[in-house]
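In what follows, a single structure is set out as C-alpha coordinates and then discussed.
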Amino acid sequence: MVIIIVFRFEQSFKVCLCQICGYKRLKAEIEIIRTTKYDSQNEEHEEKLQQLWTLLMPDVKLEKRISKQWTEIGFQGDNPMTDFRGMGMLGLNQLLYFASIYTEKSRNLLSHSKHPKYGYSYAIVSINMTSLLYEILSNGALRTHFYNIKTEKPSLQDFHEVYCYLFLEFDKFWFDEKPKDIMEFGRVRKKFKQEILHRLMSESTTVLKMDISKES
Ligand SMILES: *[C@@H]1O[C@H](CO)[C@@H](O)[C@H](O)[C@H]1NC(C)=O
(Lines give C-alpha, C1' and ligand atoms only; values in the text may rest on other atoms or scores of the structure.)
Protein backbone atom coordinates (compact mmCIF):
# COMPACT_ATOMS: atom_id res chain seq x y z
CA MET A 1 0.00 0.00 0.00
CA VAL A 2 2.65 2.44 1.09
CA ILE A 3 4.72 1.56 -1.89
CA ILE A 4 1.84 2.33 -4.23
CA ILE A 5 1.29 5.71 -2.65
CA VAL A 6 4.96 6.58 -2.91
CA PHE A 7 4.96 5.45 -6.50
CA ARG A 8 1.93 7.62 -7.30
CA PHE A 9 3.48 10.58 -5.60
CA GLU A 10 6.59 10.12 -7.64
CA GLN A 11 4.57 9.88 -10.84
CA SER A 12 2.62 13.07 -10.21
CA PHE A 13 5.74 14.81 -9.00
CA LYS A 14 7.40 14.00 -12.31
CA VAL A 15 4.36 15.22 -14.24
CA CYS A 16 4.44 18.42 -12.24
CA LEU A 17 8.14 19.03 -12.87
CA CYS A 18 7.65 18.30 -16.54
CA GLN A 19 4.85 20.87 -16.73
CA ILE A 20 6.89 23.55 -15.01
CA CYS A 21 9.83 23.15 -17.34
CA GLY A 22 7.41 22.70 -20.25
CA TYR A 23 5.92 26.12 -19.58
CA LYS A 24 9.36 27.68 -19.40
CA ARG A 25 10.38 26.02 -22.62
CA LEU A 26 7.22 27.24 -24.35
CA LYS A 27 7.92 30.79 -23.18
CA ALA A 28 11.42 30.62 -24.62
CA GLU A 29 10.13 29.23 -27.90
CA ILE A 30 7.48 31.96 -28.17
CA GLU A 31 10.04 34.63 -27.41
CA ILE A 32 12.15 33.58 -30.39
CA ILE A 33 9.17 33.82 -32.76
CA ARG A 34 7.94 37.10 -31.30
CA THR A 35 11.34 38.76 -31.62
CA THR A 36 11.69 37.61 -35.23
CA LYS A 37 10.79 40.66 -37.27
CA TYR A 38 8.82 40.37 -40.45
CA ASP A 39 11.37 40.56 -43.26
CA SER A 40 10.22 41.17 -46.83
CA GLN A 41 13.50 39.71 -48.11
CA ASN A 42 12.61 36.43 -46.46
CA GLU A 43 10.73 34.17 -48.89
CA GLU A 44 9.13 32.17 -46.12
CA HIS A 45 7.67 35.31 -44.57
CA GLU A 46 6.40 36.57 -47.90
CA GLU A 47 4.89 33.17 -48.64
CA LYS A 48 3.00 33.17 -45.34
CA LEU A 49 1.52 36.57 -46.04
CA GLN A 50 0.33 35.44 -49.49
CA GLN A 51 -1.14 32.29 -47.96
CA LEU A 52 -3.04 34.36 -45.43
CA TRP A 53 -4.58 36.40 -48.21
CA THR A 54 -5.56 33.34 -50.23
CA LEU A 55 -7.15 31.61 -47.25
CA LEU A 56 -9.18 34.62 -46.16
CA MET A 57 -10.02 35.98 -49.60
CA PRO A 58 -10.31 32.90 -51.85
CA ASP A 59 -12.28 34.74 -54.52
CA VAL A 60 -10.23 37.91 -54.75
CA LYS A 61 -6.82 38.09 -56.34
CA LEU A 62 -4.22 40.19 -54.59
CA GLU A 63 -3.11 42.48 -57.40
CA LYS A 64 0.30 43.33 -56.00
CA ARG A 65 2.31 42.86 -52.83
CA ILE A 66 2.05 46.50 -51.79
CA SER A 67 -1.63 47.27 -52.10
CA LYS A 68 -4.54 48.98 -50.41
CA GLN A 69 -6.31 45.63 -50.72
CA TRP A 70 -4.66 44.56 -47.46
CA THR A 71 -7.07 46.81 -45.61
CA GLU A 72 -9.86 44.43 -46.68
CA ILE A 73 -8.56 41.88 -44.17
CA GLY A 74 -7.98 44.53 -41.55
CA PHE A 75 -4.41 45.72 -41.96
CA GLN A 76 -3.87 49.45 -41.61
CA GLY A 77 -2.23 50.36 -44.87
CA ASP A 78 -0.77 48.96 -48.04
CA ASN A 79 1.98 46.95 -46.36
CA PRO A 80 1.07 44.55 -43.51
CA MET A 81 4.74 44.39 -42.50
CA THR A 82 4.39 47.61 -40.52
CA ASP A 83 1.50 46.22 -38.45
CA PHE A 84 3.30 43.30 -36.79
CA ARG A 85 5.58 45.50 -34.71
CA GLY A 86 5.97 44.19 -31.15
CA MET A 87 4.53 40.77 -31.98
CA GLY A 88 6.82 40.05 -34.96
CA MET A 89 6.26 36.74 -36.71
CA LEU A 90 4.12 35.50 -33.83
CA GLY A 91 1.36 37.84 -35.01
CA LEU A 92 1.50 36.52 -38.56
CA ASN A 93 1.86 32.88 -37.54
CA GLN A 94 -1.26 33.06 -35.40
CA LEU A 95 -3.33 34.82 -38.08
CA LEU A 96 -2.24 32.08 -40.44
CA TYR A 97 -2.83 29.25 -37.97
CA PHE A 98 -6.43 30.28 -37.44
CA ALA A 99 -7.07 30.75 -41.17
CA SER A 100 -5.53 27.41 -42.13
CA ILE A 101 -6.90 25.18 -39.35
CA TYR A 102 -10.31 26.83 -38.95
CA THR A 103 -10.77 28.29 -42.41
CA GLU A 104 -14.57 28.57 -42.31
CA LYS A 105 -14.53 30.06 -38.83
CA SER A 106 -11.92 32.64 -39.77
CA ARG A 107 -13.81 33.68 -42.91
CA ASN A 108 -16.98 34.04 -40.89
CA LEU A 109 -15.14 36.08 -38.31
CA LEU A 110 -13.67 38.29 -41.03
CA SER A 111 -17.13 39.06 -42.39
CA HIS A 112 -18.40 39.61 -38.84
CA SER A 113 -15.59 42.15 -38.32
CA LYS A 114 -17.07 44.18 -41.19
CA HIS A 115 -20.29 44.79 -39.30
CA PRO A 116 -21.58 48.31 -40.19
CA LYS A 117 -22.00 49.37 -36.56
CA TYR A 118 -19.57 47.31 -34.50
CA GLY A 119 -16.95 46.58 -37.14
CA TYR A 120 -13.24 46.41 -36.32
CA SER A 121 -9.98 45.77 -38.19
CA TYR A 122 -9.64 41.98 -38.34
CA ALA A 123 -5.83 41.70 -38.66
CA ILE A 124 -5.09 44.53 -36.25
CA VAL A 125 -7.36 43.09 -33.57
CA SER A 126 -5.93 39.62 -34.21
CA ILE A 127 -2.39 40.91 -33.63
CA ASN A 128 -3.64 42.62 -30.50
CA MET A 129 -5.12 39.33 -29.24
CA THR A 130 -1.72 37.75 -29.85
CA SER A 131 -0.28 40.46 -27.62
CA LEU A 132 -2.92 39.82 -24.94
CA LEU A 133 -2.11 36.12 -25.04
CA TYR A 134 1.59 36.93 -24.80
CA GLU A 135 0.90 39.06 -21.72
CA ILE A 136 -0.91 36.26 -19.89
CA LEU A 137 1.77 33.78 -20.91
CA SER A 138 4.49 36.09 -19.56
CA ASN A 139 2.81 36.78 -16.23
CA GLY A 140 2.24 33.08 -15.65
CA ALA A 141 -1.57 33.23 -15.66
CA LEU A 142 -1.78 30.77 -18.54
CA ARG A 143 -0.24 28.02 -16.41
CA THR A 144 -3.68 27.04 -15.10
CA HIS A 145 -4.84 26.33 -18.63
CA PHE A 146 -1.83 24.29 -19.66
CA TYR A 147 -1.72 22.32 -16.42
CA ASN A 148 -5.35 21.41 -16.92
CA ILE A 149 -5.37 20.42 -20.58
CA LYS A 150 -2.81 17.68 -20.27
CA THR A 151 0.06 16.25 -18.35
CA GLU A 152 2.80 16.59 -20.92
CA LYS A 153 4.59 19.77 -21.87
CA PRO A 154 2.56 22.35 -23.81
CA SER A 155 3.33 22.68 -27.51
CA LEU A 156 3.29 25.61 -29.90
CA GLN A 157 0.05 24.24 -31.30
CA ASP A 158 -1.55 24.27 -27.83
CA PHE A 159 -0.56 27.93 -27.61
CA HIS A 160 -2.05 28.74 -31.02
CA GLU A 161 -5.28 27.02 -29.97
CA VAL A 162 -5.61 29.40 -27.01
CA TYR A 163 -5.14 32.32 -29.38
CA CYS A 164 -8.03 31.05 -31.59
CA TYR A 165 -10.18 30.80 -28.50
CA LEU A 166 -9.25 34.33 -27.36
CA PHE A 167 -9.90 35.92 -30.74
CA LEU A 168 -13.35 34.30 -31.03
CA GLU A 169 -14.22 35.15 -27.44
CA PHE A 170 -13.10 38.74 -27.92
CA ASP A 171 -15.36 39.12 -30.94
CA LYS A 172 -18.35 38.00 -28.84
CA PHE A 173 -17.29 40.24 -25.97
CA TRP A 174 -16.90 43.24 -28.27
CA PHE A 175 -20.40 42.83 -29.71
CA ASP A 176 -21.90 42.30 -26.24
CA GLU A 177 -20.27 45.52 -25.08
CA LYS A 178 -21.92 47.47 -27.92
CA PRO A 179 -19.02 49.96 -28.18
CA LYS A 180 -19.78 53.40 -29.61
CA ASP A 181 -16.79 53.18 -31.91
CA ILE A 182 -13.30 51.73 -32.25
CA MET A 183 -12.01 54.37 -29.81
CA GLU A 184 -13.44 52.15 -27.10
CA PHE A 185 -11.07 49.35 -28.00
CA GLY A 186 -8.65 50.05 -25.15
CA ARG A 187 -11.42 50.01 -22.55
CA VAL A 188 -13.07 46.85 -23.90
CA ARG A 189 -9.71 45.07 -24.20
CA LYS A 190 -8.91 45.86 -20.58
CA LYS A 191 -12.27 44.53 -19.40
CA PHE A 192 -11.86 41.42 -21.56
CA LYS A 193 -8.41 40.72 -20.14
CA GLN A 194 -9.78 40.98 -16.60
CA GLU A 195 -12.55 38.56 -17.51
CA ILE A 196 -10.05 36.04 -18.91
CA LEU A 197 -7.76 36.37 -15.88
CA HIS A 198 -10.79 35.92 -13.66
CA ARG A 199 -11.71 32.70 -15.48
CA LEU A 200 -8.16 31.44 -15.07
CA MET A 201 -7.97 32.26 -11.38
CA SER A 202 -11.42 31.50 -10.07
CA GLU A 203 -11.54 27.86 -11.08
CA SER A 204 -8.67 25.48 -10.76
CA THR A 205 -10.17 23.41 -13.59
CA THR A 206 -10.38 26.20 -16.16
CA VAL A 207 -9.37 25.48 -19.72
CA LEU A 208 -9.55 28.09 -22.48
CA LYS A 209 -10.85 25.96 -25.26
CA MET A 210 -13.05 26.59 -28.27
CA ASP A 211 -16.45 25.01 -28.40
CA ILE A 212 -15.88 22.68 -31.35
CA SER A 213 -19.54 21.68 -31.45
CA LYS A 214 -20.20 25.14 -32.86
CA GLU A 215 -17.79 24.46 -35.72
CA SER A 216 -19.01 26.42 -38.70
C1 LIG B 1 -3.26 46.50 -28.19
O2 LIG B 1 -4.23 47.45 -27.82
C3 LIG B 1 -3.91 48.22 -26.69
C4 LIG B 1 -5.12 49.10 -26.39
O5 LIG B 1 -5.48 49.89 -27.47
C6 LIG B 1 -2.65 49.02 -26.95
O7 LIG B 1 -2.30 49.76 -25.82
C8 LIG B 1 -1.52 48.07 -27.33
O9 LIG B 1 -0.38 48.80 -27.69
C10 LIG B 1 -1.93 47.17 -28.49
N11 LIG B 1 -0.87 46.19 -28.70
C12 LIG B 1 -0.50 45.77 -29.92
C13 LIG B 1 0.65 44.83 -29.98
O14 LIG B 1 -1.07 46.11 -30.92
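Averaged over its residues, the chain has an accessible area of 55 Å² per residue, based on protein heavy atoms and a 1.4 Å probe.
Computed from Cα positions, the angle between helix 2-34 and the longest principal axis of the chain comes to roughly 20 degrees.
Per atom type, region 2-202 shows carbon and sulfur on 57% of its accessible surface, probed at 1.4 Å. For region 70-113, the convex hull drawn through the C-alpha positions has a volume of 67 cubic angstrom per residue.
Between the Cα long axis of helix 185-202 and the first principal axis of the chain there is an angle of about 20°, rounded to the nearest 10.
For helix 122-138, what angle does its Cα long axis make with the longest principal axis of the chain, in degrees from 0 to 90 and rounded to 10? So the helix axis and the longest Cα principal axis differ by about 20 degrees. Rg and Dmax over the alpha-carbon atoms of region 26-71 stand at 13.3, 38 Å.
Summary value for the chain: 23 percent relative contact order, contacts being C-alpha pairs under 8 angstrom separated by 6+ residues.
Over the chain, the hull volume per residue, using the convex hull of the C-alpha atoms, is 135 Å³.
The values are calculated or read from the model by the stated rules, or taken from the named source; none is laboratory data. Predicted model, so just to flag it, every value in this text is computed and none were measured. These area figures cover heavy atoms from the full protein model, side chains too; ligands, DNA and RNA do not enter into them. Shrake-Rupley method; radii C 1.70, N 1.55, O 1.52, S 1.80 Å.
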